[in-house]
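**Student:** Below is the structure I would like to discuss, written out as structure tokens.
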Amino acid sequence: FDPRHYLGTHCYSLPKTGPHRLRFLLESVKDLRETLKRKGSTLVVRKGKPEDVVRDLITQLGSVTAVAFHEEVKEIL
């Protein structure tokens, strides 16, 4: 979870993630973790800036050969 997603937007400082969306995200992550656990896998969940968290996780695991990610599309005003 990137803390920047819970700050205000550039325009009008409205929250990017309100309480209903946050509840949905938390329930979805919980469901995904439970589904993966039933299949013999797991889900790593971290809070922080992705560029820091992913780097630290790669260092911790030590045997990572590839990383895939996507970038959030930003509005152009």
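**Student:** Hey, got the dipole for the chain? About the Cα centre, +1 on K and R Cβ, -1 on D and E Cβ, debye to the nearest 20?
**Tutor:** The calculation lands at about 320 debye.
**Student:** While we're here: Consider a paramagnetic label point 7 Å from the Cα of Val67 along Cα→Cβ; state which residues of the stretch 26-52 have an amide N under 11 Å from it.
**Tutor:** Within reach of a label on Val67, which here means backbone N under 11 Å from a point 7 Å along Cα→Cβ, the stretch 26-52 contributes 50-52.
**Student:** Counting heavy atoms of the protein chains only and a 1.4 Å probe, report the per residue accessible area for the chain as a whole number of Å².
**Tutor:** That works out to 94 Å² for each residue.
**Student:** Keeping every protein chain in place, order His20, His5, His70 by accessible area at 1.4 Å, biggest value first, i.e. largest first. Don't skip to the end; give the middle numbers.
**Tutor:** Details: His20 135, His5 70, His70 160 Å².
From most accessible down to least: His70, His20, His5.
**Student:** One-quarter of the Cα convex hull surface for the chain, in nm²?
**Tutor:** Its Cα hull, projected and averaged over all orientations, spans 6.8 nm².
**Student:** Now for a different question. At a 1.4 Å probe radius, which order do Phe1, Phe69, Phe24 fall into by accessible area, largest first?
**Tutor:** Ranked from most to least accessible, the order is Phe69, Phe24, Phe1.
**Student:** Right, next: What does the helix-only formula give at 222 nm for the chain: each DSSP H stretch with n ≥ 4 adding -39500 (n - 2.57), the total divided by the residues, and the result rounded to the nearest 500 deg cm²/dmol?
**Tutor:** Calculated mean residue ellipticity at 222 nm is -14000 deg cm²/dmol.
**Student:** Right, another one. Give the angle, between 0 and 90 degrees and rounded to the nearest 10, that separates the Cα long axis of helix 19-38 from the longest principal axis of the Cα atoms of the chain.
**Tutor:** With both axes taken from Cα atoms, the answer is about 10 degrees.
**Student:** At 1.4 Å probe size, with the rest of the protein present, what percent of the exposed accessible area of the chain is carbon and sulfur atoms?
**Tutor:** Numbers: 4250 of 7230 Å².
Looking at the chain in its full context, I get 59 percent from C and S.
**Student:** Could you please put Leu61, Leu22 in sequence from largest to smallest accessible area, using a 1.4 Å probe? All intermediate terms of the calculation are to be shown ahead of the outcome.
**Tutor:** On the way: Leu61 105, Leu22 60 Å².
These residues rank, largest area first, as Leu61, Leu22.
**Student:** How big is the equivalent ellipsoid of the stretch 34-74 along its three axes, where each semi-axis is √(5λ) from the Cα gyration tensor, reported in whole Å from largest to smallest?
**Tutor:** Computed over the stretch 34-74, the values are 21, 16, 11 Å.
**Student:** Heavy-atom accessible area of Thr65 with all protein chains present, probe 1.4 Å, nearest 10 Å²?
**Tutor:** Around 140 Å² of this residue is reachable by solvent.
**Student:** With a cut-off of at most 15 other beta carbons within 10 Å, and DSSP calling the residue loop, which GluC sites (Glu not before Pro) in the stretch 5-77 qualify? Please list them.
**Tutor:** Answer by residue number: Glu71, Glu72, Glu75.
**Student:** Separate question: Along the charge dipole of the chain, Cβ charges K/R +1 and D/E -1, which of Ile58, Val44, Pro15 sits furthest on the positive end?
**Tutor:** Of Ile58, Val44, Pro15, it is Val44.
The values are calculated or read from the model by the stated rules, or taken from the named source; none is laboratory data. Since the model is a prediction, treat every value here as computed from it, not as a measurement. All Cβ positions, even for glycine, are placed from backbone atoms using ideal geometry, and neighbour counts span all protein chains on display. Only protein heavy atoms, including side chains, enter the accessible area calculation; ligands, DNA and RNA are left aside. Shrake-Rupley method; radii C 1.70, N 1.55, O 1.52, S 1.80 Å.
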